[in-house]
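Below: one structure, written as structure tokens.
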Amino acid sequence: HDAAPHLTGLGRFVTYCLAASILFLPQASAQRYEATISLPDSLSGIGWPCHLCHNATSDRMYVAGWESGGVVAFDAASHRKVGRWNTGYRVADIVWSRTRNRVYSADYADNTVTVADGQTGHVIATISGSLEHPYALMLDESRDKLYVACDYDIAVVNLATNSITKSIHIPDSPTTMI
């Protein structure tokens with residue numbers, strides 16, 4: 001069954017990606033499929049969308065993609081686009097910090113991590129330095145740290161200063177951290 005016969009190309013791809021995702025509702029006691037969000041090319045500029053994260057404070061969903069150069073924010077209740085901000089090209093991962101209400105995006109091609117305010121979407125900082133192809137992000141909010149998996153290194157970022165405090169050399173390039 002074709003759920004989106006009127007969409008073509010990227011719009012269809014995004015619809016299928018988002019349709020395959022389950023939206024998590026903070027008030028819900030169980031997970032359930034709620035809606036398909038259509039993301040036409042003209043509204044988003046997100047190429048190859050493949051990353052989602054949820055902001056429980058403002059109830060927003062963030063979508064980023066490999067060919068995007070940006071992150072799009074949607075209101076999770078109304079499923080309406082509420083903003084977009086520019087990041088580096090080829091967003092490889094995004095995470096949301098509950099304690100700081102910040103969205104961090106690993107910008108693979110630009111060798112940076114973009115930091116945006118979780119409410120306004122304004123870019124607060126761009127972290128750069130020893131980030132060779134950042135690919136995966138992991139937050140440790142109890143220690144106020146962001147770990148950034150790069151080619152042969154894991155960079156440790158102090159969230160208070162948005163600066164790299166150290167780099168840990170590893171023998172391979174991780175693609176996921178948990």
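The values are calculated or read from the model by the stated rules, or taken from the named source; none is laboratory data. The structure presented is a predicted model; accordingly, all values stated were derived computationally and were not measured. Protein only, heavy atoms only, side chains kept; ligands, DNA and RNA dropped before computing areas. Shrake-Rupley method; radii C 1.70, N 1.55, O 1.52, S 1.80 Å.
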Give me the accessible area of residue 169, 1.4 Å probe, in Å² rounded to the nearest 10. 140
Once fully extended, how much extra length lies between residue 81 and residue 54, figured as 0.36 nm per residue of separation less the alpha-carbon to alpha-carbon distance? 8.3 nm
Using modelled amide H (1.01 Å from N, peptide plane; none on Pro or chain starts), what sits under 5 Å from the amide H of residue 66, excluding residues fewer than 5 places away? 50
Once amide hydrogens are built 1.01 Å from N within the peptide plane, the residues lying 5 or more places from residue 124 or on another chain with amide H under 5 Å from its amide H are 115, 116, 117
